[in-house]
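Notes for the one structure printed next.
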Amino acid sequence: MTPVTLRPATPADSEFCFQLHKAAMGGYITAIWGWDEQRQRDAHTRKFNPRRWQIITANGTDIGMIDVEYRPAEIYLSRIEIHPDYQGRGIGTRLISALLDEAQHKGQDLVLDVLAVNHRAQALYQRLGMTEVARHGDGNIKITMRSARPRQ
């Protein structure tokens, strides 16, 4: 099993995160909206948040990023992206499972949104026990999924 750690993002990680987004999500974005390099760079500049984002590393190599928002009633997985060269190794499963455990321990749900065209991610989330609770966006392009915490 590949050792995985998280480290805080820094402003110097901005370009890595943009290139990661392009590699991990570019195909899905292209399928929905088409890839416009400048528009994507502008969006990245607005959204890049080194105060909250963490960089996923494996064997000392930066391989992804994760953004978790701790809300009063739930944990929201705002973004998780793993470079395609490292997908399929259980890294996302371990990170999301840890968030599911944390949410359960706090008596909260884990909530996330996934693009409807990202069937691979949807399958992962369903395998981990998350269920679709809503669709939104133009043409219902996003699916909101939620973990169901055990009820007392």
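Only one of 102, 132, 69 is of a type in the set (Asp, Glu), open to solvent by 20 Å² or more (accessible area, probe 1.4 Å) and part of a helix (DSSP H, G or I). Can you tell me which? Break it down into steps so the answer makes sense when it comes.
Details: 132 fails: part of a helix (DSSP H, G or I); 69 fails: part of a helix (DSSP H, G or I).
Residue meeting the stated conditions: 102.
Residues of region 31-40 that are surrounded by 13 or more Cβ atoms within 10 Å (Cβ to Cβ) and without any contact (Cβ under 8 Å) to a residue 40 or more places away in the chain: 35, 40. Taken over region 110-129, residues that are open to solvent by less than 40 Å² (accessible area, probe 1.4 Å), touching a strand residue (DSSP E or B) at 6+ places or on another chain (Cβ under 8 Å) and not in a strand (DSSP E or B) amount to 4.
Restricting region 1-28 to residues that are polar (S, T, N, Q) and in contact with a strand residue (DSSP E or B) (Cβ under 6 Å, 6 or more places away or on another chain), which is farthest from residue 49 (Cα to Cα)? Lay out the reasoning, then the answer.
Just the residues of region 1-28 that are polar (S, T, N, Q), to begin with: 2, 5, 10, 14, 19.
If we keep only those that are in contact with a strand residue (DSSP E or B) (Cβ under 6 Å, 6 or more places away or on another chain) as well, we get 2, 5.
Values: 2: 27, 5: 19 Å.
Ranking the candidates gives 2 first.
Note on region 140-152: residues that are closer than 15 Å to residue 28 by Cα and either more than 14 Å from the chain's Cα centre (by Cα) or open to solvent by less than 50 Å² (accessible area, probe 1.4 Å) (or both) amount to 3. When region 1-30 is filtered for residues that are more than 17 Å from the chain's Cα centre (by Cα), among the small types (Gly, Ala, Ser) and open to solvent by less than 80 Å² (accessible area, probe 1.4 Å), nothing remains. Within region 48-60, residues that are charged (D, E, K, R) sit with their Cβ atoms under 6 Å from residues that are assigned to a strand (DSSP E or B), at 6+ positions apart or across chains, in these pairs: 52/67.
Take the residues of region 49-65 that are open to solvent by less than 40 Å² (accessible area, probe 1.4 Å) and in contact with an Asp or Glu (Cβ under 8 Å, 6 or more places away or on another chain): which is farthest from residue 103 (Cα to Cα)?
Narrowing region 49-65 to residues open to solvent by less than 40 Å² (accessible area, probe 1.4 Å): 49-50, 53, 55-58, 63-65.
Now restrict to residues that are in contact with an Asp or Glu (Cβ under 8 Å, 6 or more places away or on another chain): 49-50, 53, 55-56, 63-65.
Working: 49: 23, 50: 23, 53: 19, 55: 21, 56: 20, 63: 25, 64: 22, 65: 20 Å.
Here the residue is 63.
Checking the structure you have, find out if any residue of region 78-94 is open to solvent by 40 Å² or more (accessible area, probe 1.4 Å), part of a loop (DSSP other than H, G, I, E, B), small (Gly, Ala, Ser) and within 27 Å of residue 16 (Cβ to Cβ). Checked against the condition, which is being open to solvent by 40 Å² or more (accessible area, probe 1.4 Å), part of a loop (DSSP other than H, G, I, E, B), small (Gly, Ala, Ser) and within 27 Å of residue 16 (Cβ to Cβ), region 78-94 yields at least one hit.
Quick one: would you say residue 11 is free of Cβ contacts under 8 Å to residues at least 12 places away in the same chain and over 27 Å from residue 119 (Cβ atoms)? In short, no. When 91, 75 are checked against the criterion of being in contact with a helix residue (DSSP H, G or I) (Cβ under 7 Å, 6 or more places away or on another chain), at pLDDT 95 or above and hydrophobic (A, V, I, L, M, F, W, C), a single residue qualifies: 75. Among the conditions (1) assigned to a strand (DSSP E or B); (2) out of contact with any Leu (no Cβ under 7 Å at 6 or more places or on another chain), the only one that residue 52 does not satisfy is (1).
The values are calculated or read from the model by the stated rules, or taken from the named source; none is laboratory data. The shown structure was predicted, so the numbers you read here are calculated from the model rather than taken from an experiment. All Cβ positions, glycine included, derive from the backbone under ideal geometry; neighbour counts span all protein chains shown. Accessible surface is based on the protein model in full, side chains and every heavy atom, while ligands, DNA and RNA are left aside. Shrake-Rupley method; radii C 1.70, N 1.55, O 1.52, S 1.80 Å.
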